[in-house]
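Note sheet for the following structure.
The values are calculated or read from the model by the stated rules, or taken from the named source; none is laboratory data. Worth saying up front: this structure is predicted, and the values here are computed from it rather than measured. Glycine gets a Cβ as well: all are built from the backbone with ideal geometry, and neighbour counts include every protein chain shown. Note: accessible area is taken over every heavy atom of the protein model, side chains too, but ligands, DNA and RNA are not part of it. Shrake-Rupley method; radii C 1.70, N 1.55, O 1.52, S 1.80 Å.
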Amino acid sequence: MVHRLDIRERPRRNRKSAAIRDAVRESLVGPEHFIYPLFVHEGDDTIPIASMPGCSRHSEAGLMVEVERAYAVGIRMIALFPALDDSLKDEKGTESHNPSGLIPRVVGALKERWPDIMVVTDVALDPYSSDGHDGIVDKHGRILNDETVDVLCQQALCQAEAGADIIAPSDMMDGRVGAIRDALDDEGYTEVSILAYSAKYASAFYGPFRDALESAPKSGDKKTYQMDPANAREALREVSLDEDEGADMIMVKPAGPYLDIISLVRANTELPVAAYQVSGEYAMLKAAAERGWLDEKKVVLESLTAIRRAGADIVLSYYARQVGEWLA
Ligand code: PBG
């Protein structure tokens with residue numbers, strides 16, 4: 001005879017069938033939760049990114065094909081990142097606010113074809129800067145905050161003019177959210193949203209992204225503007241400043257290694273919270289899956305569920321389209 005434990009509480013009863021588990025599940029992952037980041041360049045060919053298998057630098061036509069596939073499985077938000085030829089880069093990132101530049105053209109084409117897609121554009125100088133920094137660099141190697149914010153405002157206006165729905169400053173300069181909000185409002189773009197990269201850490205997990213865009217800093221690192229990975233309270237300071245300056249949504253980046261920050265931010269803001277599962281997180285999952293060491297579908301869905309459980313309303317992920325297909 002097996003001795004019956006003298007316990008009344010048996011949590012396993014709530015896990016005894018798929019029907020019960022489905023009914024009591026606390027966090028869901030669906031295509032509506034994603035922003036799909038995509039890379040675009042001027043060329044006619046689509047170039048695979050070695051350190052991000054399954055991701056490419058798309059031509060304008062190739063991008064349309066990829067967005068169509070994503071749209072078909074329910075993805076309705078995309079974020080664009082440009083890869084530019086060195087000849088278009090300069091110290092002040094002038095190309096960032098060229099109205100006939102790559103991003104404004106692509107935004108126009110996307111909005112014309114899919115008016116219901118929310119197009120998110122990145123505000124930062126790194127893809128346009130000959131120094132590979134998010135801001136303007138002086139001759140001593142310092143990043144000039146206020147001079148940079150001036151250019152970022154022009155970049156944001158140029159994107160709004162092209163039809164962007166959500167402007168996402170990823171540069172981490174001080175005061176840029178308020179300055180961009182004022183610039184947009186002054187020109188009548190009161191409906192354009194700001195998704196602020198508020199708690200963006202100086203992370204080595206961005207490596208593959210910088211390969212993809214050939215946008216790594218030529219010298220130095222990004223530690224004078226991106227946050228120290230050791231800090232949590234400082235994230236709340238960044239979040240409350242961006243809230244006061246008019247952000248509509250707050251972002252934490254990276255996501256997986258920073259679940260505590262997502263959870264902390266979720267508990268301290270009323271705004272929607274987004275989290276960015278960055279290129280290095282994607283690359284790790286892909287590499288292990290390619291070797292057969294992990295079950296790709298299961299670990300990806302688990303990692304995205306964890307990001308949602310931590311408190312992210314919105315997840316930026318290079319897996320967005322693939323997840324849409326898995327769940328379809
Ligand atoms: C730069 C920017 C970066 C990413 C998004 N915007 C790289 C960086 O800050 O160096 C990283 C995204 C990723 O790794 O997936 N403004």
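Out of the residues in the range 294-328 that are among the charged types (D, E, K, R) and either open to solvent by less than 60 Å² (accessible area, probe 1.4 Å) or under 20 Å from Ile261 (Cα atoms) (or both), state the one that is farthest from the ligand (Cβ to nearest atom).
So the residue we want is Arg309.
If I ask for residues that are part of a strand (DSSP E or B) and either among the β-branched types (Val, Ile, Thr) or open to solvent by 20 Å² or more (accessible area, probe 1.4 Å) (or both), which ones from the range 176-214 would you list? Correct list: Ser193, Ile194. From the list Ser100, Ser56, Ser130, Ser51, the lone residue that is of a type in the set (S, T, N, Q), free of Cβ contacts under 8 Å to residues at least 12 places away in the same chain and open to solvent by 10 Å² or more (accessible area, probe 1.4 Å) is Ser100. Looking at Arg291, Arg266 in this structure, which one is of a type in the set (Lys, Arg), away from the ligand (no atom under 16 Å from the Cβ), open to solvent by 50 Å² or more (accessible area, probe 1.4 Å) and touching a residue at least 12 places away in the same chain (Cβ under 8 Å)? Only one candidate passes the filter, namely Arg266. Being modelled with pLDDT of 95 or more, outside any strand (DSSP E or B), surrounded by 20 or more Cβ atoms within 10 Å (Cβ to Cβ) and within 16 Å of the ligand (Cβ to nearest atom) narrows it down to one residue among Tyr258, Tyr225; which is it? So the residue among Tyr258, Tyr225 that is modelled with pLDDT of 95 or more, outside any strand (DSSP E or B), surrounded by 20 or more Cβ atoms within 10 Å (Cβ to Cβ) and within 16 Å of the ligand (Cβ to nearest atom) is Tyr258. The single condition among (1) part of a loop (DSSP other than H, G, I, E, B); (2) more than 13 Å from the ligand (Cβ to nearest atom); (3) at pLDDT 95 or above; (4) not β-branched (Val, Ile, Thr) that Met173 does not satisfy is (2).
Residue check: is Gly246 on the phi > 0 side of the Ramachandran plot, open to solvent by less than 30 Å² (accessible area, probe 1.4 Å) and more than 16 Å from the ligand (Cβ to nearest atom)? Spelling it out, Gly246 is indeed on the phi > 0 side of the Ramachandran plot, open to solvent by less than 30 Å² (accessible area, probe 1.4 Å) and more than 16 Å from the ligand (Cβ to nearest atom).
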